[in-house]
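The values are calculated or read from the model by the stated rules, or taken from the named source; none is laboratory data. Everything quoted here is computed from the prediction, not taken from an experiment. Protein only, heavy atoms only, side chains kept; ligands, DNA and RNA dropped before computing areas. Shrake-Rupley method; radii C 1.70, N 1.55, O 1.52, S 1.80 Å.
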Amino acid sequence: MSKIQAIRGMNDVLPEESPQWQYLESRIRHLMGTWAFQEIRFPVLEQTQLFKRSIGEVTDIVEKEMYTFEDRNGDSLTLRPEGTACCVRAADQHGLLYNQTRKLWYMGPMYRHERPQKGRYRQFNQLGVEAFGMAGVDIEAELLLMCAEFWRQLGLSDSVKLQINNLGSSGERARFGEALREYLLPRKAELDADSQRRLDSNVLRILDTKVPQTREILADAPVLGNYMGSGSIDGFSKLLEMLEACGLSWQLNPALVRGLDYYNGVVFEWTTDKLGAQGTVCAGGRYDGLSSQLGGTATPAVGFAMGIERLLLLMQETGSFPADISQQADIYLAVVGEGVQAQALQLAAMIRAALPSMRVLTHTGGGKYNSQLKKAFTSGARCAVILEGDSPQQTAKVKVLGDSGQSLELPLSDVVTWLDTFFGNEHEQKNS
Ligand code: ATP
Ligand code: MG
């Protein structure tokens, strides 16, 4: 029988890599805590309509990438391809959007049926941050500064760049869309097939195309900026002034339109040149119309999503993980002889209670003294405690696993004190 494998594009995180995940996750929790954003959690499965109505029928995600199926009741359900629509759905359903401001975040897996490659998977994780009820540029600036501070804390400031654009209001976009359609219509035959289709359904998305010939045609197309009123233009320049005042630099990118339909006003991406084609690590913007578009409470909104896998790759690529995030054991408790097994489990509990920051790996599964010591050495622990005998013991051996190789026999009641001193000294040496 052939062995069952994981689904293509859905990755296992093995023990060697999970400390890096935990490190990033804990940095994220810390950041969100210090900025006083609140966590929200929602299901990975939602009604298909939620994504069709929010992301837009004529987008890559809805057209080609969703994991959609009928459940046993015949309802059409979809594994969430992104979190913003879910977050709006959940927040509105529980009355968090009515007449108030909210600063929310979430983290978890998203699902898109894409061609798997480095930095592009079918199950991937995002940190999402969404702010509701605030129409001004101060919240936009705050979110961008939050990203910048995160890069700083991770040592990535030199590896990512901010690209930013203004999409204007939906009315302005509509007028621009008409002009763009008028410009493209006579050239329809020269466009790629996707863009031809979008000419009728969602003309702005053509700006997002990667097909060179279409890009060439777009070079002389109308420019969105020329269709914007003073309100949109002033708001955006206020944002840029605020960013400048806060010492943030950016690059204006008029081609930045984002793949989702619901954005208006500012949109942005943080990109890196260190991950090849999958260079966008974080993307977001304002989406004031989304909640009412979903039939919910109208509220101004702005947010971003960060791809955790790409962030992880970038951290690896730039060597930005601290050296001490491994989770190797500190203390290896060797247990030689069945007679001391129960006693060993109790001793381990005692050590953990007295030294709560120490990782104590108890040897289970039996085996000879020498093979257990070998395991102690390869475990990465810095010292071993050895209990040996056919019946409960009064003493244990402690052995330093580093260069000194020091080894001595101690009354059981002294083991904790010895360990405390040993690790206390190490701690002091590290800090001196
Ligand atoms: P791309 O242009 O790379 O396809 P996107 O515009 O589809 O990205 P968003 O929907 O804005 O991406 O998602 C926000 C972030 O989530 C992206 O910037 C990226 O870091 C990450 N991301 C999106 N799709 C994937 C994927 N399939 N695998 C891994 N990360 C992803
Ligand atoms: Mg995509």
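Return, for the Cα atoms of the stretch 285-350, the radius of gyration and Dmax in Å, separated by a comma.
25.8, 70
Based on alpha-carbon atoms only, what is the radius of gyration of the stretch 238-370 relative to the globular estimate 2.2 N^0.38 Å?
1.87
I need to check one value: relative contact order of the chain, counting alpha carbon pairs closer than 8 Å and at least 6 residues apart, in percent.
15 percent
Roll a 1.4 Å probe over the protein heavy atoms and report the accessible area of Glu65 in Å², nearest 10.
Glu65 has an accessible surface of roughly 20 Å² with all protein chains in place.
Over 30 Å between Cα atoms, which of Lys52/Lys238; Lys3/Lys210; Lys3/Lys118 qualify?
In this structure, Lys52/Lys238; Lys3/Lys210 exceed 30 Å between Cα atoms.
In degrees, nearest 10, range 0 to 90: what is the angle between the Cα axis of helix 369-378 and the longest Cα principal axis of the chain?
30 degrees
Using only Cα atoms, tell me the angle between helix 230-245 and the longest principal axis of the chain; keep it within 0 to 90° and round to the nearest 10.
Its long axis makes an angle of about 30 degrees.
Can you compute the radius of gyration and Dmax for the stretch 112-226, using only the Cα atoms, both in Å?
Cα radius of gyration and Dmax of the stretch 112-226 are 18.3, 51 Å respectively.
Please report Rg (one decimal) and Dmax (integer) in Å for the Cα set of the stretch 164-300.
Looking at the stretch 164-300, its Cα Rg and Dmax stand at 15.9, 48 Å.
Where Rh denotes the Kirkwood radius from the mean inverse Cα pair distance, what is Rg over Rh for the chain?
1.11
Using only alpha carbon positions, build the gyration tensor of the stretch 328-432, then give the equivalent ellipsoid semi-axes as the square roots of 5 times its eigenvalues, largest first, whole angstrom.
On the way: eigenvalues 91, 45, 30 Å².
They are 21, 15, 12 Å, listed largest first.
With the Cα gyration tensor of the stretch 344-395 giving a ≥ b ≥ c as the square roots of its eigenvalues, does the rule (a/c under 1.5 for rounded; else a/b larger than b/c for prolate; else oblate) give rounded, prolate or oblate?
The shape class here is oblate.
Please compute, over every Cα-Cα pair in the stretch 1-89, the percentage with a separation greater than 20 angstrom.
Values: 2262 of 3916 pairs.
Counting every Cα pair in the stretch 1-89, those more than 20 Å apart make up 58 percent.
At 222 nm, what value in deg cm²/dmol follows for the chain if DSSP H runs of at least 4 each add -39500 (n - 2.57) and the sum is divided by all its residues, to the nearest 500?
For the chain, the value works out to -11000 deg cm²/dmol.
Please label the shape of the stretch 1-157 as rounded, prolate or oblate, based on the square roots a ≥ b ≥ c of the eigenvalues of the alpha-carbon gyration tensor (a/c under 1.5 means rounded; beyond that, a/b larger than b/c means prolate, else oblate).
Oblate shape, in that a/c is at least 1.5 and b/c is the bigger or equal ratio.
Which whole-angstrom value gives the distance between the alpha carbon centres of the stretch 101-140 and the stretch 345-390?
Between the Cα centres of the stretch 101-140 and the stretch 345-390 lies a distance of 42 Å.
Above 16 angstrom, tally the Cα pairs of the stretch 375-430 and express them as a % of all pairs, no decimals.
46 percent
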